[in-house]
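Reading through the structure tokens given below for one structure.
The values are calculated or read from the model by the stated rules, or taken from the named source; none is laboratory data. The structure displayed is predicted, hence computed values, not measured ones. Here the Cβ positions follow ideal geometry from the backbone for every residue, glycine too, while neighbour counts run over all protein chains shown.
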């Protein structure tokens, strides 16, 4: 009791000190409280009257971007008018399901193994998959929704109960459609790499490949690296411009994509959100073939795929590396021991084809935007999600 009271007093004291140092923080806190506890519930309650069945509760409704920038379109262009839990017919959860839920739901996740992170104990481990399987097997879970057809197939590898496979479906991330782009080839070839983590997102591989290209082509090539996780003292080749902003503003995001000739993401763990963004701006993609394959890149048309020696949730993971931390260490050690040399050579080869003019970047850029409109537009995402909601609610799909 005394310890709890002491912590409370320390919290009050530190809060007062922060407010004295920067009075603006109290206004920010009040605005955040007002939005979350008054504006958001009021909007959801009104939506019950403004929409027809099925009425849906989405756990991240109207503040989805706070959880991840890729979900911003749920705030700006929601597929339906989301309502309060107490007024909803069905629910939509991401990565976990609250124990208090008593309603039919859609469970969305990146990968069944990633979902184990959100359950008790918090390790990425096959030991937790049985718990995840129980959640999917629940009568209330009507759809197990992941990011791509490839991820559906890959997730099923870890689910032993084949009767649950019919519950699986996929929904691609999306991004706002942008004006048609005419790619400027008069400037130095610019490689864009975006990452929130270093080793599992392949930043070390991207920098190594760029270093090779810089030696060959000098100032004809440059890199824009958006990364706030660069290890202290890590060698960065000449010609790399670093941005540490996170998350990116819409204005800066548009500037970076429009000024780049390729998005280069040699990732070793799940990444999808940047691809719809790049394609919307007509920026081709070079990335690793992990779960999605040709779903994210049409080989030689919208970019290129390269093959990594391993990736998160490949067969080795969950046996040799049971936590994310262990996987990151394994990535670092493999890199230092030359385990990524072949991957780096593949990356250099694909990027060199783009630099040399072996592929028509103007045509590739146009194909990227066409690919976005076909697969990754907000309209495509919203239409499919509305169909999923109606299926979960047991209604005929006429949308």
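Quick notes
- Residues that are surrounded by fewer than 22 Cβ atoms within 10 Å (Cβ to Cβ) and within 17 Å of residue 68 (Cα to Cα) were ranked within region 85-108; the one that is modelled with the highest pLDDT is 93.
- Among (1) in a strand (DSSP E or B); (2) buried (at least 20 other Cβ atoms within 10 Å of the Cβ) - the single one residue 213 does not satisfy: (1)
- Conditions (1) under 23 Å from the mean Cα position of the chain (by Cα); (2) within 26 Å of residue 367 (Cα to Cα): number failed by residue 132: (2)
- Beta carbons closer than 8 Å, at least 6 apart along the sequence or on distinct chains, pair a first residue in region 282-295 that is at positive phi with a second that is assigned to a loop (DSSP other than H, G, I, E, B) for 282/178; 282/180; 282/181; 282/183.
- Residues satisfying the stated conditions in region 278-310, i.e. closer than 15 Å to residue 347 by Cα and crowded, with 19+ Cβ neighbours inside 10 Å: 284, 285, 286, 287, 288, 290, 297, 303, 304, 305, 306, 308
- When 202, 239, 218 are screened for being on the phi > 0 side of the Ramachandran plot and in contact with a helix residue (DSSP H, G or I) (Cβ under 7 Å, 6 or more places away or on another chain), only 239 passes.
- The residue pairs whose first member lies in region 40-62 and is under 9 Å from residue 88 (Cβ atoms), whose second member is modelled with pLDDT under 85 and surrounded by fewer than 21 Cβ atoms within 10 Å (Cβ to Cβ), and whose beta carbons are closer than 7 Å, counting only pairs six or more residues apart or on different chains, are 54/395; 55/48.
- Condition check for residue 214: more than 26 Å from the chain's Cα centre (by Cα) and more than 30 Å from residue 341 (Cβ to Cβ): no
- Within region 236-254, tally of residues that are touching a residue at least 24 places away in the same chain (Cβ under 8 Å) and either farther than 15 Å from residue 204 by Cβ or assigned to a loop (DSSP other than H, G, I, E, B) (or both): 9
- Odd one out for residue 61 among (1) surrounded by 21 or more Cβ atoms within 10 Å (Cβ to Cβ); (2) within 16 Å of residue 384 (Cα to Cα): (2)
- Condition broken by residue 301, with the remaining ones in (1) closer than 20 Å to residue 376 by Cα; (2) part of a helix (DSSP H, G or I); (3) in contact (Cβ under 8 Å) with a residue 24 or more places away in the chain satisfied: (2)
- Residue in region 156-170 that is crowded, with 19+ Cβ neighbours inside 10 Å and in a helix (DSSP H, G or I) present: no
- In the set (1) more than 22 Å from the chain's Cα centre (by Cα); (2) at pLDDT 80 or above; (3) assigned to a helix (DSSP H, G or I); (4) surrounded by fewer than 20 Cβ atoms within 10 Å (Cβ to Cβ), the condition left unmet by residue 53 is number (3).
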